[in-house]
Amino acid sequence: MLNLLRSEISEIILNKELEVEMRLQLVCQFLKKNVPHYDWVGFYFKNGDKNELKLGPFAGEPTDHLIIPFGKGICGQVALSNQNFVVPDVKAQDNYIACSLTVKSEIVVPLFVNGENVGQIDIDSKTIDPFTVDDERFLEYVNQEVAKIL
Ligand code: SME
């Protein structure tokens, strides 16, 4: 199912008529709308030279967490580990930053440009344990496409 979305994702990302920021915004909206278990979709990027993440384009409820220090929460841990982080049940995590009480699970996949971890895509779900290896491969694909325009 997710693989059917790949061509549309690439079309959005490679559309040179739109600003990069707008394309990322459209990617977030597209994913939230088309994948039932994606309830909040956003990009975080390394904030200049600082060891912190800054919220970029997102779709879903606004969050208070515009800045996340490296090491803090799921996102901050991925900034340091360079690894995908799948959280089937957020209640089982002690280093977790809650954005909304309705969120049950989360997946964060790092985004690499020339091998450097420059940010990540972060997805929250209101469903418990919805993410599979298919989500990981699909979101890695999304990030590889995004990396081409950064
Ligand atoms: N839950 C994340 C924080 C970002 S919000 O989900 C938008 C974390 O623990 O890093």
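Of note:
- Here's the picture: a label point sits 7 Å out from the Cα of THR102 along the beta-carbon direction, and within the range 13-51 the residues with their amide nitrogen under 11 Å of it are 39-40.
- Comparing the range 1-88 with the 2.2 N^0.38 Å rule of thumb, its C-alpha radius of gyration ratio is 1.17 (two decimals).
- FRET efficiency estimate (nearest 0.05) - Cβ-Cβ, LYS54 to SER7, R0 30 angstrom: 0.50
- If R0 equals 30 Å, the separation of the Cβ atoms of PHE112 and ALA92 corresponds to a calculated FRET efficiency of about 0.60.
- Of the residues ILE9, ILE67, the one with the fewest other Cβ atoms within 10 Å heads the list, and the complete ranking is ILE67, ILE9.
- Checking the cross-link pairs LYS50/LYS148; LYS91/LYS148; LYS50/LYS126 against a 29 Å limit on the alpha carbon distance flags LYS91/LYS148; LYS50/LYS126 as lying beyond it.
- The chain, helix-only ellipticity at 222 nm - DSSP H runs n ≥ 4, -39,500 (n - 2.57), divided by all residues, nearest 500: -9500 deg cm²/dmol
- Order of SER105, SER100 under a 10 Å beta carbon neighbour criterion, fewest first: SER100, SER105
- Only Lys, Arg, Asp and Glu carry charge here, each on its Cβ (+1 for the first two, -1 for the last two); on that basis the chain has a dipole of about 100 debye about its Cα centre.
- Spatially proximal aspartates and glutamates relative to LYS46 (Cα-Cα < 14 Å; intrachain offsets below 8 disregarded): GLU116, ASP122
Since every read-out is calculated from the coordinates, none of them should be taken as a lab result. Every value quoted in this text rests on a predicted model; they were computed, and no experiment measured them. A quick note on method: Cβ atoms are made from the backbone with ideal geometry, for glycine too, and the neighbour counts reach across all protein chains shown.
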